[in-house]
Structures are given as C-alpha cells and as structure tokens.
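Taking it in order: structure first as structure tokens, then the write-up.
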Amino acid sequence: MSRILIVEDEAHLAEGLRFNLEAEGHTAQISDNGEAALKRLLKDHESFDALVLDVMLPGKDGFMVARELRRDLSPERTTTCPSPLISPF
Amino acid sequence: MRITRRTKAIVSFTVLGVCLVALAIFLNVSWIIFHWRQVVPLVVGIIFFGLLIAGLVVNTIFLVREIRRNEQQDSFLNAVTHELKTPIASIRLYLETLASRNLDEAKRREFYRIMLEDTDRLLGTVEQVLKAGEVRHGSARKNWQEVQFSTMVREVVVLARLRQNLSPEVLSLGTTPPEEITILGSPEELRTAVLNLLDNAIKYSGDKKNIVVDLLTPNLDTVLLRVHDRGIGIPRNEVKRIFKRFYRASNFKTEKVKGTGLGLFIVRSIARRHGGEAYAESEGEGRGSTFSIRLPRVYQA
C-alpha cells in the first residue's frame, strides 16, 4: 500500500483518480494546484510514495512543479518518489 | 516560451519599421535640400517619400497586429482543446471505473451525476464556439419578436443561481423598473447575452462572490442592464479589448479561470445586432468590475 499525492485542479478527474487508487488499496490525497503540492512536500515535509502530477495546472504548471521538486527535494526522497505527469492534451 | 518569441518578433518588426521610416525621412530631407529650387522634382519627391513613409507605418502596424492576433488564436485553440478534452477524459475515467469495478448503487449514481455535469460542460463549450460563429456571420433580425426583458432578466438570474448553487444574497437583483420593459429582438440571443454576463461575473469573482444585477431606464428609449461584481477586476488599459474575440485579460488570476475568450465577444455581438452596445468598467485589478448592455427599448402598441 502506498501513499499517493494527486496534483490535479479538475475536481472530477482528481476524485476519479483517487477513487481508483483507493480501490487498489492505496491512500490518495489531492492538491488542486502546484503551489499547494510544493508546500506540502517541501515545507511541511509530508512524504508520499508517488505523485500524480497534472500538466495543465493553474499558476505553476506540472513541468515547473516537477523541476522545482527535482531541484529542492533531497536526493534520497526524489529517487523514492516517482511522479508520472498526466494531461488530457 | 512562445510568447517571448512573439514579443521578440513584435519588437524586431517595430524597430525595423522605425529604422526604415527614419531612413525614408532622411532621404526625403536630403531630396528637399538638393532640389529645393526645382518645383516639380521637389513636389513629386515629397509626395513619393510621403507615400513610402505612410506605407511603411501601415505595414508595420498591420504586421504587429497580425502577430498579436495569431497569439490570441493560439491561446484560444489551447483553451478550447483543454475545455473539450478535460470533460471527455473525465467521462472516460468514470465509464472505465463503472465498467471495471463492482460499485454500490450510491456510488454509481454519484458517478452518473458527475458524467452528466461533464457532458453539460462539453455542451456549453461547443455551444459557445458555435454561437461565436453564428453571431459573427448569421443574419440579424431573424426570428425577432417582442421580448419582455425584465421578466427574462429575472428568470436568467434565478437560472444562474440554480446552476451555480448560489443564494439570493450572493447574486441579487438590485434596481428594476416597476413596469415591464419590452425590447425587439431574438429571445434566445438576449438570454445568452445576459447569462454570459452573469456566468462571467460568477467565474471571475473568486471567493468574494457578491453580484448585483440592475435594470435601469436612463431615458425613454433605452434600457441598461448592469452586472456589478467585486471580483478580480480588469487592468485599466484592457477594459475595451476584453470584448474582442479570443481576448482574455492578462490578470495573473485569470489563469486560474477556465475560459475560451468568446463569452464577452458573443455578448457584444448580440448587443450590437440589437442596435445596442456592451461595455465594461473597472476600478482596476482586484476591485471588481461592472458590465453593461445598452439596448433600445420599444413600447407595445
């Protein structure tokens, strides 16, 4: 069982993803924008096993969030936290 | 990235235009100095250089305008693609979930409701794109009839409240004239225009939703619909441009609001087709805005 953070601003998609991940036995939480996700990971030091990151996010987009995480997250945490990028595009 | 490249193109074309105009002016002045005693070459020269300079200026202006329009069209295409693909992705996700998992009745109903909302959103986007084409090309005065505008505004306000789940305090009807106001036009289009303004006010209000709709009669043959919000406002220099097709105000916060840049274009086109006008006022960013539609009033015989 893993702890997964879903970063997605579209509530329907986020809830659908969460439902499916939880049905598979994982725990999933949702952040609806990049800044909030960065705060949880970098400032509050919450730890997740995986990140599901949307590309088209308001404000900072998924690529920017991923770049900042690679830069600021300690190396041992980056390698244990894979983050697939998703986009309906 | 693309925007900076476009800005660079605009700057370089403007600089090129200015340099060429300066060169033409320099040549013109030299021509005048060398030929000031000969009337015919002097006059012909001045006219020729004048035309050259005017041509260069017009050319540069058109070029810059075209680059800007291209940029807006690109962002429109991106917005529409996103607005079309997101609900489809969501419907697909829920359909796959419904097909592959055993769900209880309550969950199934919830998923059906979500999918219905997604189809509404999809339909809304498609209708807006079609409407934008229609108000641009379609013939006016088709299906025109007498419309009881006060009743329509009241109905649309109630509809917007229902759709967005708002209380009457949040979206309220302020001043309305005691008598019914009649205008001549297409009920469907007028309804779209009013609904677009209300949807916009709600969309761009953020958490400070407080929208007041006034229906005024500034003089005997005019009716004025005013929608006032306390939302994110409009940067002052963009108040006129926001009615252009695909244009979206540059406020940082607008990025958080999904939209195609067609809503206000539709509102203005409809107002103009009915012999009226649409305009906006704003004290500036973060200070709310007021959108108005002015329409000619008619009196029932």
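Every condition in (1) under 19 Å from B:R6 (Cα atoms); (2) away from chain A (no Cβ under 14 Å); (3) at pLDDT below 90 holds for B:F62 except the one numbered (3). Name the residues in the stretch A:32-66 that are within 14 Å of chain B (Cβ to nearest Cβ), free of Cβ contacts under 8 Å to residues at least 40 places away in the same chain and within 9 Å of the chain's Cα centre (by Cα), would you? Of everything in the stretch A:32-66, just one residue is within 14 Å of chain B (Cβ to nearest Cβ), free of Cβ contacts under 8 Å to residues at least 40 places away in the same chain and within 9 Å of the chain's Cα centre (by Cα), namely A:G34.
Going through the stretch A:10-53 one residue at a time, which ones are of a type in the set (D, E) and touching a strand residue (DSSP E or B) at 6+ places or on another chain (Cβ under 9 Å)? Correct list: A:E10, A:E15, A:E22, A:D32, A:E46, A:D49.
Restricting attention to the stretch A:1-13, the residues being surrounded by fewer than 19 Cβ atoms within 10 Å (Cβ to Cβ) and within 11 Å of chain B (Cβ to nearest Cβ) number 1. Close contacts from the stretch B:42-65, counting a first residue that is farther than 10 Å from B:V21 by Cβ and a second that is assigned to a helix (DSSP H, G or I) and open to solvent by 70 Å² or more (accessible area, probe 1.4 Å), with Cβ to Cβ under 8 Å and a gap of 6+ residues or different chains, come to B:L42/B:W31; B:G45/B:W31; B:I46/B:W31; B:F49/B:I25; B:F49/B:L27; B:F49/B:W31; B:L63/B:F13; B:V64/B:F13.
Scanning the stretch B:18-43 for residues that are of a type in the set (A, V, I, L, M, F, W, C), farther than 26 Å from B:I61 by Cα and loosely packed, with under 15 Cβ neighbours inside 10 Å yields B:I32, B:I33, B:F34, B:W36, B:V39, B:V40, B:V43. Scanning the stretch B:249-264 turns up one or more residues that are under 24 Å from B:H82 (Cβ atoms) and modelled with pLDDT of 90 or more. Selection of the stretch B:89-134 for residues being farther than 22 Å from A:E8 by Cβ and modelled with pLDDT under 90 yields B:E127, B:Q128, B:V129, B:L130, B:K131, B:A132, B:G133, B:E134.
With respect to the stated conditions, B:G138 fails to be under 17 Å from B:G231 (Cα atoms) and modelled with pLDDT under 85. Restricting attention to the stretch B:95-118, the residues that are open to solvent by 90 Å² or more (accessible area, probe 1.4 Å) and farther than 18 Å from A:E24 by Cα add up to 5. Of all the listed residues (B:L84, B:L27), the sole one being touching a helix residue (DSSP H, G or I) at 6+ places or on another chain (Cβ under 7 Å) and within 14 Å of another protein chain (Cβ to nearest Cβ) is B:L84. May I ask you to verify whether A:G16 is open to solvent by less than 50 Å² (accessible area, probe 1.4 Å), among the small types (G, A, S) and either more than 10 Å from chain B (Cβ to nearest Cβ) or outside any helix (DSSP H, G or I) (or both)? The answer is no for A:G16. The number of residues in the stretch B:179-189 that are closer than 15 Å to B:R297 by Cα and not in a strand (DSSP E or B) comes to 5.
The values are calculated or read from the model by the stated rules, or taken from the named source; none is laboratory data. Given the structure is predicted, the values throughout are model-derived calculations rather than measurements. Ideal geometry is used to build each Cβ from the backbone, glycine not excepted, and the neighbour counts take in all protein chains shown. Accessible surface is based on the protein model in full, side chains and every heavy atom, while ligands, DNA and RNA are left aside. Shrake-Rupley method; radii C 1.70, N 1.55, O 1.52, S 1.80 Å.
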